[in-house]
Amino acid sequence: MPDWTPTNLGKSTCVAWFTADSLSSLSNGDAVSSWTSSEGNSISATQSTAANQPTYVASSTISSKPAVQFDGASSFDHLFFTASALNVGTSGACVACFIGNANDGSALNFGTLTRGQNGSKSIQLLYQNGDAGIQISVGSVSDVISNSNFPSGTTGTAYRSLVFGRHSGKLMMRYIGDELSDEADASSIDLDQTQYALGSAYFSGGCEGEIAEMVYMANPTLSQIQKVEGYAAHKYSLTGSLPSDHPYKSAAPKFRVQYGMSSGLIDGGLIQA
């Protein structure tokens, strides 16, 4: 059976999937002025100002796979995109999966990996320099996860897969399948933001590191989140950190196509496995 990818979530759940694999037409060291999502919605994250454009890395520190490198210390690199489906109001779930690293190489107090235009109405992920921790926020509700929860700390070239945001009305921050947040109540936050940034936008938190993939999801089920985790863990050699009871600990998610006969015609139906 073919390998499963975030595309198999469907375009309404997988709102925007930015993967550096899609930038293969670029050469190592090229500036990234536009990064188009790969789930089928063709959402473009763009940056017209040359000084703020991140850089394409053909073989990154993230399992030697392609990534986009952000230099927050000197230029506050960032890309903007708009996705109307990320407006989930107070009742919906909005989560994202970050695959990458955060290099603690600047004098800034923190580095932003993503957030919405209005931080009080968006999800966001940032790391604290000095290897202090990773902070997730859903509007005004936030939690800082200490570096002791991560085998290699929270900054540096060690890479990780994190799923963060709001799910079932609560904070979520899953490190390769393991929930680390305090799961605080965030059900009153109106997540109405549709414009988001990849990198150091909207305030002076410089993103410094590499992003291989970022998957933005609206109203996913826990099973779908686990599929994303399994996909990331197997693609980026992180399976050793998956919990022993994770459904994709031993094998990556797959999908199969089943065909049936109806009125003499063949109907194709996609079945997830």
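Enumerate the pairs (first residue in the stretch 148-162 and without any contact (Cβ under 8 Å) to a residue 60 or more places away in the chain; second residue anywhere and acidic (D, E)) with beta-carbon separation below 7 Å, excluding pairs fewer than 6 apart on the same chain, so at least 6 apart or on different chains. Pairs that qualify, where the first residue is without any contact (Cβ under 8 Å) to a residue 60 or more places away in the chain and the partner is acidic (D, E), are G153/D131; T154/D131; T155/D104; T155/D131; G156/D104. Screening F18 against (1) part of a strand (DSSP E or B); (2) in contact with a Gly (Cβ under 9 Å, 6 or more places away or on another chain) leaves a single unmet condition, (2).
Conditions (1) farther than 25 Å from A45 by Cβ; (2) at pLDDT 90 or above; (3) of a type outside the set (A, V, I, L, M), marked per residue:
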position: G105; (1), (2), (3): no, no, yes
position: L108; (1), (2), (3): no, no, no
position: G111; (1), (2), (3): no, no, yes
position: S122; (1), (2), (3): no, yes, yes
position: Q128; (1), (2), (3): no, no, yes
position: P151; (1), (2), (3): yes, no, yes
position: E179; (1), (2), (3): yes, yes, yes
position: S188; (1), (2), (3): yes, yes, yes
position: D192; (1), (2), (3): no, yes, yes
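Just one of the listed residues (V138, V68) is in contact with a Lys or Arg (Cβ under 8 Å, 6 or more places away or on another chain) and either surrounded by 21 or more Cβ atoms within 10 Å (Cβ to Cβ) or without any contact (Cβ under 8 Å) to a residue 12 or more places away in the chain (or both), namely V138.
Residues checked against (1) out of contact with any Asp or Glu (no Cβ under 9 Å at 6 or more places or on another chain); (2) not acidic (D, E):
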position: N109; (1), (2): yes, yes
position: L113; (1), (2): yes, yes
position: G119; (1), (2): yes, yes
position: Q124; (1), (2): yes, yes
position: D131; (1), (2): no, no
position: F164; (1), (2): yes, yes
position: L180; (1), (2): no, yes
position: Y196; (1), (2): yes, yes
position: G206; (1), (2): no, yes
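Applying the set (1) farther than 15 Å from E210 by Cα; (2) crowded, with 20+ Cβ neighbours inside 10 Å; (3) touching a strand residue (DSSP E or B) at 6+ places or on another chain (Cβ under 6 Å) to F80 leaves exactly one unmet item: (2). The strands (runs of 3 or more DSSP E) located wholly in the stretch 122-216 that include 1 or more residues which are under 14 Å from the mean Cα position of the chain (by Cα) occupy 123-128, 133-138, 156-167, 170-175, 195-199.
I'd like the full set of residues that are outside any helix (DSSP H, G or I) and over 12 Å from the mean Cα position of the chain (by Cα), limited to the stretch 217-235.
From the stretch 217-235, those outside any helix (DSSP H, G or I) are 217-221; that's our starting set.
Selection gives A218, N219, P220, T221.
Can you confirm whether A85 is more than 24 Å from K254 (Cβ to Cβ) and in a helix (DSSP H, G or I)? Don't jump to the end; show me each part of the working.
Numbers: more than 24 Å from K254 (Cβ to Cβ): yes; in a helix (DSSP H, G or I): yes.
Spelling it out, A85 is indeed more than 24 Å from K254 (Cβ to Cβ) and in a helix (DSSP H, G or I).
Condition check: at pLDDT 95 or above, in contact with a Leu (Cβ under 6 Å, 6 or more places away or on another chain) and surrounded by 15 or more Cβ atoms within 10 Å (Cβ to Cβ). Does C14 satisfy that? It is false that C14 is at pLDDT 95 or above, in contact with a Leu (Cβ under 6 Å, 6 or more places away or on another chain) and surrounded by 15 or more Cβ atoms within 10 Å (Cβ to Cβ). Going through (1) touching an Asp or Glu at 6+ places or on another chain (Cβ under 7 Å); (2) in a loop (DSSP other than H, G, I, E, B); (3) buried (at least 24 other Cβ atoms within 10 Å of the Cβ) one by one, E39 falls short only on (1). Only one of the numbered conditions (1) crowded, with 17+ Cβ neighbours inside 10 Å; (2) touching a Phe, Trp or Tyr at 6+ places or on another chain (Cβ under 7 Å); (3) at pLDDT 95 or above is violated by A252, and that is (1).
Is it the case that some residue within the stretch 211-232 is over 23 Å from F255 (Cβ atoms), in contact (Cβ under 8 Å) with a residue 60 or more places away in the chain and crowded, with 24+ Cβ neighbours inside 10 Å? Steps first, please.
Taking the stretch 211-232 and keeping what is over 23 Å from F255 (Cβ atoms), we get 211.
Subsequent filtering for residues that are in contact (Cβ under 8 Å) with a residue 60 or more places away in the chain retains 211.
If we keep only those that are crowded, with 24+ Cβ neighbours inside 10 Å too, we end up with 211.
Yes, because at least one residue in the stretch 211-232 is over 23 Å from F255 (Cβ atoms), in contact (Cβ under 8 Å) with a residue 60 or more places away in the chain and crowded, with 24+ Cβ neighbours inside 10 Å.
Give the residues of the stretch 47-60 that are surrounded by 14 or more Cβ atoms within 10 Å (Cβ to Cβ) and not in a loop (DSSP other than H, G, I, E, B), sorted by residue number.
Quick first cut of the stretch 47-60, residues surrounded by 14 or more Cβ atoms within 10 Å (Cβ to Cβ) only: 47, 52-58, 60.
Within the stretch 47-60, N52, T55, Y56, V57 meet the criteria.
The values are calculated or read from the model by the stated rules, or taken from the named source; none is laboratory data. All values reported here derive from a predicted model rather than from experimental measurement. No Cβ is skipped: glycine too gets one built from the backbone with ideal geometry, and neighbour counts run over all protein chains shown.
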